[in-house]
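Inspection log for the structure reproduced underneath, given as structure tokens.
The values are calculated or read from the model by the stated rules, or taken from the named source; none is laboratory data. These numbers were taken from a predicted model, which means no experiment stands behind them. Cβ placement follows ideal geometry from the backbone for every residue including glycine, while neighbour counts extend to all protein chains displayed.
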């Protein structure tokens with residue numbers, strides 16, 4: 001059984017082609033109301049002696065895909081622009097100018113550590129606005145070109161001649177065109193893979209893009225699935241149920257009843273309540289050392305830094 005989805009330009013209508021060796025369309029109770037029309041197509045090319053069964057259906061979609069589409073279309077930071085020395089100089093200049101303006105505004109106020117960090121964060125994010133761009137989703141380059149389409153078209157014409165007139169001459173011609181089509185498709189696919197490998201060789205000095213293309217070439221596209229097991233070992237797929245399970249888990253983990261608190265010292269009591277020992281504030285030397293050892297190309301946090 002071979003499945004293929006074809007999206008037509010009609011609103012809310014999608015046609016699902018199901019190439020079946022038993023010439024029927026299986027269905028279940030969940031999606032039975034989607035189907036509007038079912039018929040067979042003798043002229044469609046399936047490269048075998050069976051016919052296609054085509055079902056027209058109206059799919060009932062959730063509104064979540066609209067929210068995800070809007071979220072993905074937002075501007076993103078183009079970090080590659082910071083590889084340009086001119087862009088780095090302009091970015092540093094904007095940060096210095098905005099820091100001077102911010103310091104002049106807060107001179108009369110005695111800021112605490114939280115206020116200082118908020119001002120620095122606002123300056124960094126404001127200076128990086130010029131680096132934001134819409135993500136460029138390049139169209140996928142496929143190896144199935146016009147030459148492949150032409151050979152497949154000739155093979156389909158020969159197949160239709162066999163259906164109307166199954167003579168020996170037509171069968172030999174169809175067999176020859178079928179072999180020629182397979183050779184053409186395999187050749188174009190090999191050339192495409194060779195070109196991809198050459199492009200991959202050019203990314204040798206850029207480890208990030210190199211391994212990204214290697215992963216895409218090796219594994220292909222894999223849709224992301226998010227599941228979580230509950231206490232009964234059942235899989236949870238709804239985001240709301242997953243959040244509720246995490247809330248229950250951390251509530252049980254962190255809000256346990258405290259017993260025998262009288263024999264604990266202040267340090268032990270603090271470690272028990274916070275699950276972390278009390279740490280002193282880092283000095284300037286430690287902060288400079290941490291910033292120096294930060295790695296590039298890391299995902300930002302909630303504050304986009």
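For beta carbons closer than 8 Å, sequence separation of 6+ or different chains, a first residue in region 157-171 that is in contact (Cβ under 8 Å) with a residue 60 or more places away in the chain and a second that is assigned to a helix (DSSP H, G or I) and surrounded by 14 or more Cβ atoms within 10 Å (Cβ to Cβ), the qualifying pairs are 159/174. Taking the numbered list (1) under 30 Å from residue 217 (Cβ atoms); (2) surrounded by fewer than 15 Cβ atoms within 10 Å (Cβ to Cβ) in turn, residue 203 passes all entries but (2). For region 251-259, indicate whether the set of residues that are under 33 Å from the mean Cα position of the chain (by Cα), surrounded by 10 or more Cβ atoms within 10 Å (Cβ to Cβ), farther than 29 Å from residue 126 by Cβ and modelled with pLDDT of 85 or more is non-empty. Yes, region 251-259 contains at least one residue that is under 33 Å from the mean Cα position of the chain (by Cα), surrounded by 10 or more Cβ atoms within 10 Å (Cβ to Cβ), farther than 29 Å from residue 126 by Cβ and modelled with pLDDT of 85 or more. Can you tell me how many residues in region 263-294 are at pLDDT below 80, surrounded by 10 or more Cβ atoms within 10 Å (Cβ to Cβ) and in a loop (DSSP other than H, G, I, E, B)? Count: 1.
Looking at region 173-185, can you tell me whether even one residue there is modelled with pLDDT of 85 or more, within 30 Å of the chain's Cα centre (by Cα) and not assigned by TED's automatic domain parsing to the domain that holds residue 51? Yes, region 173-185 contains a residue that is modelled with pLDDT of 85 or more, within 30 Å of the chain's Cα centre (by Cα) and not assigned by TED's automatic domain parsing to the domain that holds residue 51. For region 77-112, the tally of residues that are in a loop (DSSP other than H, G, I, E, B) and modelled with pLDDT of 85 or more stands at 0.
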